[in-house]
Every structure is written in structure tokens, then in C-alpha cells.
């Protein structure tokens, strides 16, 4: 489950349900995700996304998304965050045994 092990739910404002309803109403309950070719998804939206991840719960930073688009965006952000934490180590350059002196 997405919330398991996360502190995200505890950081949402106490009136999150009201804010969520306002965002879905503002966006006509349609997914506002724009694909790379410029098309807007438009599928029925049932989730609210923070455009810029974090704790900015302003209406300007929230948008309605369908479950597929929200999961895709969240997975992409999670992969990017994991890649930034990954420790990169350089292996010593090896020469071919026939070229060693």
C-alpha cells in the first residue's frame, strides 16, 4: 500500500477532504495530466496530486489526476529520488592481461 511506512498522511492539513473536493470540482473531475505530445489525459479523476512534491497544499500546486497518471507520476518521482540517494563508486580501470608490463 502506498501509505505504508510513509508520514505523508500525517502531514496533510486537517481540512484535506475539503481541499480535495475543491480541486476535483475545479478540474471538473477530469485528469489534467498533459502527455509529452501535448494531449491532456481527460479520464475521470479521483485523486489529487501535488504538482511540486512537498507540503505546499495551495490550490495552485494541486491538480486532479486519474489513478493511472498519479501512480505513474509517483513511481517516476520515487525512482528519481532513489537514484539521487544511490552511492556511485568507480571501479579501478583494468588493463588487459596481455598489455600488462
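If you filter region 11-34 down to residues that are at pLDDT below 95 and under 18 Å from the mean Cα position of the chain (by Cα), you find that the one that is nearest to residue 46 (Cα to Cα) is 12.
Listed here are the residues, each with its yes/no results for (1) surrounded by fewer than 10 Cβ atoms within 10 Å (Cβ to Cβ); (2) touching a residue at least 60 places away in the same chain (Cβ under 8 Å); (3) assigned to a loop (DSSP other than H, G, I, E, B).
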residue	(1), (2), (3)
63	no, no, no
78	no, no, no
82	yes, no, no
88	yes, no, yes
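Number of residues in region 67-101 that are closer than 16 Å to residue 52 by Cα and out of contact with any strand residue (DSSP E or B) (no Cβ under 7 Å at 6 or more places or on another chain): the value is 11. Only residues that are surrounded by 11 or more Cβ atoms within 10 Å (Cβ to Cβ) and more than 18 Å from residue 61 (Cβ to Cβ) were counted across region 18-38, and they come to 3. Residues that are under 13 Å from the mean Cα position of the chain (by Cα), surrounded by 11 or more Cβ atoms within 10 Å (Cβ to Cβ) and farther than 16 Å from residue 25 by Cβ within region 39-60 comprise 50, 51, 53, listed in sequence order. Residue pairs whose Cβ atoms lie under 7 Å apart, separated by 6 or more positions or on different chains, with the first residue in region 8-35 and touching a residue at least 12 places away in the same chain (Cβ under 8 Å) and the second surrounded by 12 or more Cβ atoms within 10 Å (Cβ to Cβ) and assigned to a helix (DSSP H, G or I), are 13/19; 31/69; 33/69. Select from region 1-10 the residues that are over 14 Å from residue 50 (Cα atoms) and surrounded by fewer than 10 Cβ atoms within 10 Å (Cβ to Cβ) and write down the one among them that is modelled with the lowest pLDDT. So, considering only residues that are over 14 Å from residue 50 (Cα atoms) and surrounded by fewer than 10 Cβ atoms within 10 Å (Cβ to Cβ), the one modelled with the lowest pLDDT is 1.
The values are calculated or read from the model by the stated rules, or taken from the named source; none is laboratory data. Just so you know, these numbers come straight off a predicted model, no measurement behind them. We place every Cβ from the backbone using ideal geometry, glycine too, and count neighbours over all the protein chains shown.
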